[in-house]
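The values are calculated or read from the model by the stated rules, or taken from the named source; none is laboratory data. Quantities reported herein were computed from a predicted structural model and do not represent experimental measurements. For neighbour counting, all protein chains shown are included, and Cβ atoms are generated from backbone atoms with ideal geometry for every residue, glycine included. Keep in mind that these areas ignore ligands, DNA and RNA; they rest on the heavy atoms of the full protein, side chains included. Shrake-Rupley method; radii C 1.70, N 1.55, O 1.52, S 1.80 Å.
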Amino acid sequence: MSNYKKFIPCIYLLNEKAVAGFKNTSVISENPTELARFYADNNADELIVFDLSTDDISHEAALDVLKIICREAQIPVIGAGNVKRMEDIKKLLYAGCAKAALNYSKESNIAITKEVSLKFGRDKIIACVMDDSDITGNEALLKEFVQAVILLNERTIKQAASLSKQPLIVSLPEVSLDKIIELLSCGTIEGITGPAVNANAKELMSIKDLCAGNGVAVRTFEPAVKWEELKKNSEGLVPVIVQDYKTREVLMMAYMNEEAYLNTLKSGRMTYYSRSRKQQWLKGETSGHFQHVKEMTADCDKDTILAKVSQIGAACHTGNYSCFFNEIMKKEYDESNPLMVFESVLGVIKDRKVHPKEGSYTNYLFEKGIDKILKKLGEEATEIVIAAKNPNANEIKYEIADFLYHMMVLMVEKGVTWEEITEELDKR
């Protein structure tokens with residue numbers, strides 16, 4: 001059980017669009033990824049995506065959409081729907097889902113519970129049930145091999161809550177706030193999902209404040225360092241250095257007063273104090289280039305804040321991604337960030353594919369196609385094995401570099417990015 005109660009909106013995915021529900025297939029969003037970002041930006045704790053496709057081609061298309069959602073949502077995604085075998089669970093997890101759901105209305109899904117739990121880990125497996133009888137009928141299986149249970153039938157919530165040994169996520173229609181607080185006060189219920197959350201997505205932070213005021217533990221951003229503990233400048237402000245949370249690139253510098261500090265923590269979006277306009281400034285309010293907070297840290301003297309953010313669009317009003325682009329001086333030096341080197345080489349390979357260059361070995365590989373690329377990759381892998389038997393470490397460095405180059409050609413051919421690779425490694 002999590003130490004806080006969760007608000008989990010859901011997306012019903014059909015024909016690569018978001019529809020209203022399981023039975024109501026009217027389109028509510030042509031862009032499910034945009035909808036996922038909307039939920040995340042409004043402080044949803046997790047997201048459930050139900051794949052409602054009915055054939056293999058549509059299912060593969062849905063997985064492609066799900067992959068983008070997982071990358072863009074910035075919150076954990078639970079993948080559900082269209083699971084027939086262990087391979088389908090693997091596809092959901094490999095698409096980037098934090099967890100995958102088994103539909104317990106299908107006997108075949110119940111039958112593979114133990115297998116997928118042992119293969120991928122109990123913490124990645126959730127069961128979707130229709131009512132309390134699915135819980136009592138599979139009590140031992142759920143207890144040993146499932147991390148949580150999603151209950152889709154709101155009519156059996158009380159019975160299920162009293163019977164379940166696992167944390168429950170309950171799907172609710174639009175209900176009163178009093179009802180939400182009552183349910184979340186139940187020890188077994190870990191979170192709520194469904195129309196009740198979707199319809200109130202814009203108000204999630206206010207709803208969480210109300211829950212917290214009624215003794216329900218919810219995820220808020222209470223500061224470990226109070227405003228009073230920070231040292232202010234002569235204007236009563238604290239400077240803030242803003243950094244891209246993935247690349248670590250410094251994006252900008254601004255200032256906060258107490259109101260901006262508290263609003264940033266409450267909303268999850270960077271808010272500053274504009275010294276020229278003498279007012280609050282929500283970054284992105286007019287441009288749409290919001291900065292979503294990942295982490296805030298005070299320095300040793302507590303007189304400067306470092307904020308790591310997910311930057312939407314450009315940080316600078318000039319249109320540059322970072323405000324720091326006016327070069328003053330620069331010595332010759334080697335780029336020491338390995339990921340930047342990988343990104344740079346991958347960028348050159350991508351450019352070769354789009355803009356072929358005569359005599360380019362990279363273009364030769366692309367022209368020959370996937371079989372040639374795979375053949376070269378296999379040859380280079382063998383060269384690594386041979387070089388590893390040589391006591392001189394230099395040889396293996398050369399061979400690994402050759403292998404990585406050919407691997408990046410394959411990545412470009414298959415549309416895979418270093419970001420996706422590093423995210424997958426990080427999850428492991």
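Summary of computed values
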quantity	calculated
Sorted peptide list for 109-115, 24-30, criterion being average Cβ within 10 angstrom, highest first	109-115, 24-30
Electrostatic dipole magnitude of the range 299-378 [Cβ: Lys, Arg +1; Asp, Glu -1; Cα centre; debye, to 20]	580 debye
With 5 Å bins from 0: P(r) over the range 1-65, alpha-carbon pairs, percent	4, 18, 25, 23, 15, 8, 6, 1, 0
25 Å Cα-Cα threshold exceeded, pairs from Lys119/Lys246; Lys91/Lys119; Lys357/Lys397; Lys99/Lys165; Lys106/Lys208	Lys119/Lys246; Lys357/Lys397; Lys106/Lys208
Probe 1.4 Å, protein heavy atoms only - accessible area per residue of the range 87-195 in square angstrom	43 Å²
Value of relative contact order over the chain, rounded to a whole percent, pairs C-alpha under 8 Å and six or more apart	9 percent
Burial ranking of peptide ranges 196-208, 88-100, 55-67, 378-390 (average Cβ count within 10 Å, highest at the top)	88-100, 196-208, 55-67, 378-390
Mean separation of Cα contacts under 8 Å (6+ apart) over length of the range 1-147, as relative contact order %	17 percent
Solvent exposure of the range 346-399 as accessible area per residue, Å², 1.4 Å probe	69 Å²
Spin-label zone in the range 218-241 - amide nitrogen under 15 Å from a point set 7 Å from the Cα of Ala212 along the C-beta vector	218-227
Carbon and sulfur %, accessible surface of the range 289-388 computed with the full protein complex present, 1.4 Å	56 percent
The chain: mean projected area of Cα convex hull, nm²	27.3 nm²
Charged-residue dipole, Cβ positions (Lys, Arg, Asp, Glu), the range 1-106 about Cα centre, Debye nearest 20	420 debye
Cα-only Debye scattering, the range 364-417: base-10 log of I(q)/I(0) at q = 0.16, 0.21, 0.29, 0.32 Å⁻¹	-0.48, -0.72, -1.05, -1.17
Reach of Lys278 by Cα under 20 Å, taken over aspartates and glutamates that are not fewer than 8 positions away in the same chain	Glu235, Glu258, Glu259
Only Lys, Arg (+1) and Asp, Glu (-1) charged, at Cβ; the chain dipole about Cα centre in debye	340 debye
Packing-based ranking, highest mean first, of 183-195, 308-320 given that Cβ atoms within 10 Å are counted	183-195, 308-320
Cα-based reach from Lys17 at 18 Å (exclusive), listing lysines while leaving out same-chain residues under 8 positions away	Lys67
With every protein chain in place, the range 1-126: carbon and sulfur % of accessible area (1.4 Å)	49 percent
